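See structure below.
The values are calculated or read from the model by the stated rules, or taken from the named source; none is laboratory data. Given the structure is predicted, the values throughout are model-derived calculations rather than measurements. Every residue, glycine among them, receives a Cβ derived from its backbone with ideal geometry; neighbour counts consider all protein chains shown.
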Amino acid sequence: MMLQVVVSAQDHIMCIQTEREALLQFKAAIEDPYGMLSSWTTSDCCQWQGIRCSNLTAHVLMLNLSINYFQGRGIPEFLGSLSNLRYLDLSYSDFGGKIPTQFGSLSHLKYLNLGRNSLEGSIPRQLGNLSQLQHLDLSYNSFEGSIPSQLGNLSNLQNLYLGGSYYESGALKIDDGDHWVSNLISLTHLSLAFISNLNTSHSFLQMIAKLPTLRELSLSECSLSDQFILSLRPSKFNFSSSLSILDHSSNSFTSSMILQWLSNVTSNLVELDLSYNLLEGSTSSNHFGIVLNSLQHLDLSHNLLEGSTSNHFGRVMNSLEHLDLSYNIFKGEDFKSFANICTLHSLYMPANLLSEDLPSILHNLSSGCVKHSLQELDFKSNQITGSLPDLSVFSSLRSLFLDGNKLSGKIPEGIRLPFHLEFLSIGSNSLEGGIPKSFGNSCALRSLDMFGNNLNKELSVIIHQLSGCARFSLQELNIRGNQINGTLSDLSIFSALKTLDLSRNQLNGKIPESTKLPSLLESLSIGSNSLEGGIPKSFGNACALRSLDMSNNSLSEEFPMIIHHLSGCARYSLEQLSLSMNQINGTLPDLSIFSSLRELNLYGNKLNGEIPKDIKFPPQLGQLDLQSNSLKGVLTDYHFANMSKLYDLELSDNSLVTLAFSQNWVPPFQLSDIGIGEVRIFRKYMGIHSARGLSCKLGPLFPKWLETQNQFEYIDISNAGIADMVPKWFWDNLAFRQWISMNISYNNLHGIIPNFPIRNIQDSLILGSNQFDGPIPPFLRGFLFLDLSKNKFSGSLSFLCVNVKVETLYQLDLSNNRFSGKIPDCWSHFKSLSYLDLSHNNFSGRIPTSMGSLLHLQALLLRNNNLTDEIPFSLRSCTNLVMLDIAENRLSGLIPAWIGSELQELQFLSLGRNNFHGSLPLQICYLSDIQLLDVSLNSMSGQIPKCIKNFTSMTQKTSSQGHSYYVNANGLDANETYDLNAFLMWKGSEQMFKNNGLLLLKSIDLSSNHFSGEIPLEIENLFGLVSLNLSRNHLTGAIPSNIGKLTSLDFLDLSRNHLIGSIPWSLTQIDRLGMLDLSHNNLSGEIPTGTQLQSFNASYYEDNLDLCGPPLEKLCIDGKPAQEPIVKLPEDEKLLFTREFYMSMAIGFVISFWGVFGSILIKRSWRHAYFKFISNLSDAIYVMVAVKVSKWHHRG
């Protein structure tokens, strides 16, 4: 609704000074990042953008600031001074705070729109003073409390929109006995979305029904149900005959009887929206027929409806033009019921259960008169099979959408398209071959979309097939994501073509210089192919070209030459240029000639050399991405002097580039995305990707120019050489951000982080690898992803439990700090937590029981603390765990069986360096996805279970995929990837494996325990095993003869056991073995020769008395050690053992015996130690004797 305001461009009067001052005060009180109010500087405010004045009185009559971004600041109160205001629109402007009560004094106001902001609190009752108000929109804010009854004073109100919330925080309600709505006798449009208690007040709904002029009513998201609505008797409840549009979407209706009820209380309904309910049943029900005979638009999408083969549905809908049945459970056979809706123009059926072949579905639909009336048909996102049949029977069809199905095979050459068809979309199927010539003879065709199929013809052939009369009509052609080959050919015959997408195909070679683009072409995408060379000069002569994407090819020309070729008339039209992920070299030329360029993406090339001091960037440039090149030099304020539109600056991974801005320089731009650091986090569309590189240098002082940047949402200045305290203004900036992702890690930043309230949920904060100290402020809990690792934070984690509420924290890393005390037991409030790392601190006490409530947890790392007691039983509920690392603590008890039976998603289990005892539970073998099992340095005993053959992941040589979890918070709807790290004894030292290295690692470490028995033969089936450490146990028997099957082994340590027999010759089959230790066993025979086994140090075979052959010095004869010569002592040497010798031995024994034994009798602690020693010695002698006996039997 736009009010008629008396204004004139001629002979206008200058605006009133007091009103100009009020507007300037308003401007000063808000943030204006995009310069909406940049014209508010001249003396005449009537000429300012968004302002209209009366040409009679010069009073400001209209203020329109809709569709803006004022960063959640409150609406300044100064607008109350504009007492003659008639029209005020502040919608979609991101205002926060409360509605100023001064608005109630704008007595002339006829139009007020504050919808789609972040306003909160209650609706001020003073709005009831606006007696002339005709339009009031307060929808989609975060208001709470009751709707003020004073709104009933607005007797002239025609349009009222209340309720609705983006974040579902708070809800409006109506008071019992309220009658204010009955006074709004002029109301024609009413929306009461998300009113929390409307479903309990029959009387209020009856008052709405009696409004005499009401034409449009929306009661969506009000939890209305069948029981509530059907309890209203039609005899006592009737809507006005003026009601023609009714919206009951997003409620809780289940029965189609709601339609029968509506037919009894309405008479002239033209549009009905029941989408997003729970309606179920068949459309053949009589309930549909009763109400639908007057409808023109019916939306039943997002329900549980199914169809019927009867024609009842079509017979009763005599006026229906638009029918939306998407996201239901209809099948192909149900289309007979729609065939006789002779007025139907549009039928929407996406995301149903259509699985029949397309010819059958279309045959059912074309059996009645609808084939003559249907203009738009949408079947996308089903499971329809078959190929494309002849479509000419649908004589009026203009749009057909079949993308996202299972169509396959070649499209027949004889197929005919409807004569009037303008839009054809058959992408995301499995169609093969090429495009039939009949498509090129479709003279009305404007858009052809066949992306994501298996088309494999040469591009020149496809162009030829489309060169009939369609070349004059076709405006959009999308064939990306196929297997089309050849190179780019001449396209100038398509005289109307504006958009062409050939990306993600198999185009190759150089683009011929003779290639011409269509004269009207605005967008060309040929990224993700294998094109070589450079860009032909003809591209620069495409005077309408606005977007050129040639990213992810093999272009190798120098960048200055590419710019030269594009410097024809395209330099005036080009707005987007993406050349990322090529091999383009050279340095940066002056780009200021591209007067319209808004986005320049050169990420991942080979740009090099010094950045010239005198070049300039285009003045309209908003996005500049130079990441991952080899540029060097200094960027100064001169380079950015005229770039007032810049909002996205990406310079990371250019290690020799320095930003050197003047100390007091005030940039002309406001950046929302700052990427200068080492680790760049992208959140584009629905995907998330992280990359690590080298950063630009900003330090050593914290860059002062950042103080002027008030709009950033993403900032990465990691590893930027900053060694300073973070200034207070930087932390204060967080308080006003609605959404921020910040990475300042890998610097030398220090100091204490201040605490302040944050109103909104934030994205990510990465402060790792700095020198921050002190306690952690509670406000940091408001982030979705929080990394404070490798700092000097100290104290306890009590901040987690302060004013506890349910948090939306997904990832928390506090590792490598100085925290101490007990881990708090308030984890039940962190329902979303998926990754938790508290390792390498000084925590003590038990693992908190409440951690078992973290049902979404995938990674729990508590390594290297002082935790005690047993593993809590509650952790058995964390069934999504992929990694559990509780090594290097003082945990004790048995390893619980539920780790295997309940945590079957585990891939990495580290329990080493604790005090666990007992045997490995057999349930451990349920861990079919396990890649790393570490129980080393404990007191485990018993035998190694044979069921380890069930470690399916270790039987395969393929690596696992990356790890991610689903995030749905504050508008972010995506899968978030995360990195894991694990510590492992590797070749004599503890090493950390992470990211891709960890995904490739498959390891078993049972070393330094008391395992006994033989090595199970089943271990030979773990073909993917990379590391096996069974050292320092009591294992007996022979090494499995087929251990050489483990061809992926890089590390094998079986040392310090009681193994016997020979070294299996199959070990020679492992050609990648980097470390082997078989020392301190009872192995015998010859070390297999001719392989890398001789390259290992002899110490890895030592203390095997009957082992021989290189690298040992002991030689072999017939595979056995050579016999040592027997040396006989001369008779006179025997005289050494005389009577005096034996006497001295006796005296020495007596003195030693009473010296030691006497002390043992006197000192109690020594006595206990002595008998423990004797006990251990006897055990050792027994094992030695048993092994010798076994060996003799074996030889026998």
Exercise. Can you name the condition, by its number, that D653 falls short on among (1) at pLDDT 90 or above; (2) in a loop (DSSP other than H, G, I, E, B)?
Worked result: (1)
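Output the residue which, of all residues in region 343-400 that are assigned to a helix (DSSP H, G or I) and small (G, A, S), is farthest from the chain's Cα centre (by Cα). Reasoning before the result, please.
Taking region 343-400 and keeping what is assigned to a helix (DSSP H, G or I), we get 358-365, 370-373.
Subsequent filtering for residues that are small (G, A, S) retains 360, 373.
Working: S360: 40, S373: 44 Å.
Only one residue fits best here, namely S373.
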Problem set entry | Matching entry among G604, G540 (being buried (at least 20 other Cβ atoms within 10 Å of the Cβ), assigned to a loop (DSSP other than H, G, I, E, B), touching a Ser or Thr at 6+ places or on another chain (Cβ under 8 Å) and among the small types (G, A, S)) | G604
Problem set entry | Residue check, L591 without any contact (Cβ under 8 Å) to a residue 60 or more places away in the chain, in a strand (DSSP E or B) and either of a type in the set (G, A, S) or at negative phi (or both) | no
Exercise. Quick one: what pairs do we get from region 562-587, first residue within 15 Å of F617 (Cα to Cα), second crowded, with 17+ Cβ neighbours inside 10 Å and of a type in the set (K, R), C-beta under 8 Å, 6+ apart or different chains?
Worked result: L574/R546; E575/R546; E575/R598; Q576/R546; Q576/R598
Exercise. Do we find a residue being crowded, with 18+ Cβ neighbours inside 10 Å, more than 20 Å from S399 (Cα to Cα) and among the small types (G, A, S) anywhere in region 497-518?
Worked result: yes
Problem set entry | Residue check, S745 at pLDDT 90 or above and surrounded by fewer than 21 Cβ atoms within 10 Å (Cβ to Cβ) | no
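Residue under question is G942, and the condition is that it be part of a strand (DSSP E or B) and either of a type in the set (K, R) or closer than 28 Å to R846 by Cβ (or both); does it hold? Give the steps one after another, and end with the answer.
Working: part of a strand (DSSP E or B): yes; either of a type in the set (K, R) or closer than 28 Å to R846 by Cβ (or both): yes.
The answer is yes for G942.
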Problem set entry | Extreme residue, surrounded by the most Cβ atoms within 10 Å (Cβ to Cβ), among residues of region 28-84 that are of a type in the set (D, E) and within 39 Å of the chain's Cα centre (by Cα) | D32
Exercise. Which one of these is closer than 23 Å to V270 by Cα, in contact with a Leu (Cβ under 8 Å, 6 or more places away or on another chain) and crowded, with 20+ Cβ neighbours inside 10 Å: F394, F330, F338, F379?
Worked result: F338
Exercise. Looking only at residues in region 902-922 that are among the polar types (S, T, N, Q) and crowded, with 22+ Cβ neighbours inside 10 Å, which one is modelled with the lowest pLDDT?
Worked result: Q907
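Could you pull out the residue among L800, L855 that is farther than 20 Å from E888 by Cβ and either without any contact (Cβ under 8 Å) to a residue 24 or more places away in the chain or in a loop (DSSP other than H, G, I, E, B) (or both)?
Only one candidate passes the filter, namely L855.
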Exercise. Out of P668, P612, P618, which single residue is within 27 Å of I535 (Cα to Cα), free of Cβ contacts under 8 Å to residues at least 40 places away in the same chain and surrounded by fewer than 19 Cβ atoms within 10 Å (Cβ to Cβ)?
Worked result: P612
For this session: Working only within region 142-163, note down all residues that are among the hydroxyl-bearing types (S, T, Y) and in a loop (DSSP other than H, G, I, E, B).
Result: S155
Exercise. Considering region 97-115 alone, what residues qualify as being in a loop (DSSP other than H, G, I, E, B) and either touching a residue at least 40 places away in the same chain (Cβ under 8 Å) or more than 41 Å from the chain's Cα centre (by Cα) (or both)?
Worked result: L106, S107, H108, L109, K110, G115
Exercise. Could you give every pair whose Cβ atoms fall below 9 Å, whose first residue belongs to region 623-650 and is more than 19 Å from S672 (Cβ to Cβ), and whose second residue is part of a strand (DSSP E or B) and small (G, A, S), counting only separations of at least 6 or pairs across chains?
Worked result: S628/A691; S630/G609; L631/G609; K632/G609; G633/G609
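Here is a list: S547, S523, S578. Which entry is buried (at least 17 other Cβ atoms within 10 Å of the Cβ), modelled with pLDDT of 95 or more and within 22 Å of L631 (Cα to Cα)?
Residue meeting the stated conditions: S578.
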Exercise. What residue, of E599, E557, E610, is of a type in the set (D, E) and either in contact with a Lys or Arg (Cβ under 8 Å, 6 or more places away or on another chain) or modelled with pLDDT under 90 (or both)?
Worked result: E610
Exercise. Name the residues in region 401-415 that are assigned to a strand (DSSP E or B) and within 21 Å of Q375 (Cα to Cα), would you?
Worked result: F401
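In region 1039-1153, which strands (runs of 3 or more DSSP E) lie fully inside it and hold 1 or more residues that are on the phi > 0 side of the Ramachandran plot, within 55 Å of the chain's Cα centre (by Cα) and at pLDDT 90 or above?
1058-1061
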